[in-house]
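Report on the following structure.
Just so it is clear, none of the values below were taken in a lab; they were calculated from the coordinates. Bear in mind that the values here come from a model prediction, so they are computed numbers and not experimental data. With ideal geometry, Cβ positions are generated from the backbone for all residues, glycine too; neighbour counts draw on all protein chains shown.
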Amino acid sequence: MLIDLTRCIGCDACTLACKQENGTPYDTFFARVLNVEAGTYPDVKRVYIPVLCNHCDDAPCLKSCPNKAIVRRPDGIVLVDQDRCRGTGACVSACPYGNIILHREEEGWYLDENEAYEQDFVKLRMKENVARKCTYCAHRVDQGLQPACVVACPTTARIFGDLEDPESDVSTYIEEQKEQTGRSPFHLLPEAETKPAGCYLGTMAEQRPSTLGQSDGIGDAKQEEAQRTQRGQK
């Protein structure tokens, strides 16, 4: 999963699509978007950072689970076996990204529990009082579909695919960006050394007020208007 931070507008469409697709409980969000202010006044900008399970090659959650409930599929997707999980919370503590959720209290589900969608689809994949996380929509991937968050993104900020396939969307996009913008993918918390599958492309340039026609808190609009008026008088 590649996320281009330049394209993300912080609309939370991915968050809503994930919740609708998975029917998660009220306080459970697999696809969060962090709203971050970066820089020092007056050169400040707002950056949106979508976060989700990184499906790490060296996943701490997998190694920490005492019940062997976390497995990695051959395609790299890391899943929590809802039947084997006993809710110990070891995986929650082990994940350096905070992307595994465990609720011990009585849960209220996103949709009415008597709805057919809940009974026939959601409850079969998500048990109560066990650990849960993003699955890259494995049930969709198995049908040749894209994850729900990828489909819902209105700016195509998320690119999903097989990085080992040079012809895949994600591989070609990375090569195009290297050539056109000089950007290369990076990982969050590289010091964790988890070898995450999720990666990001950073913003393409520093967005200083001067690039937007402003050099101070008020801007240059009045000054430019005065100059135009003066030129007109001449």
Applying 1/(1 + (r/R0)^6) with R0 = 25 Å to the Cβ-Cβ distance of GLU37 and THR172, what FRET efficiency is obtained, to the nearest 0.05?
0.15
At a 10 angstrom cut-off on C-beta neighbours, averaged per residue, how do the peptides 40-46, 164-170 rank from highest to lowest?
164-170, 40-46
For the residue pair ARG86 and GLU191, what label-to-label distance in nm results when each label sits 7 Å from Cα along the Cα-to-beta-carbon direction?
3.4
Taking the alpha-carbon centroid of each part, what is the distance from segment 18-56 to segment 111-168 in angstrom?
17
How do the peptides 184-192, 92-100, 67-75 rank, highest first, by the average count of neighbouring beta carbon atoms within 10 Å per residue?
92-100, 67-75, 184-192
Highest first, please rank the peptides 136-144, 21-29 by the mean number of other Cβ atoms sitting within 10 Å of their residues.
21-29, 136-144
Inter-label distance, nm, simple model (7 Å from Cα along the C-beta direction), GLU179/ASN114:
5.9
Using 1/(1 + (r/R0)^6) with R0 = 30 angstrom and r between the beta carbons of ASP75 and LYS45, what's the FRET efficiency to the nearest 0.05?
0.25
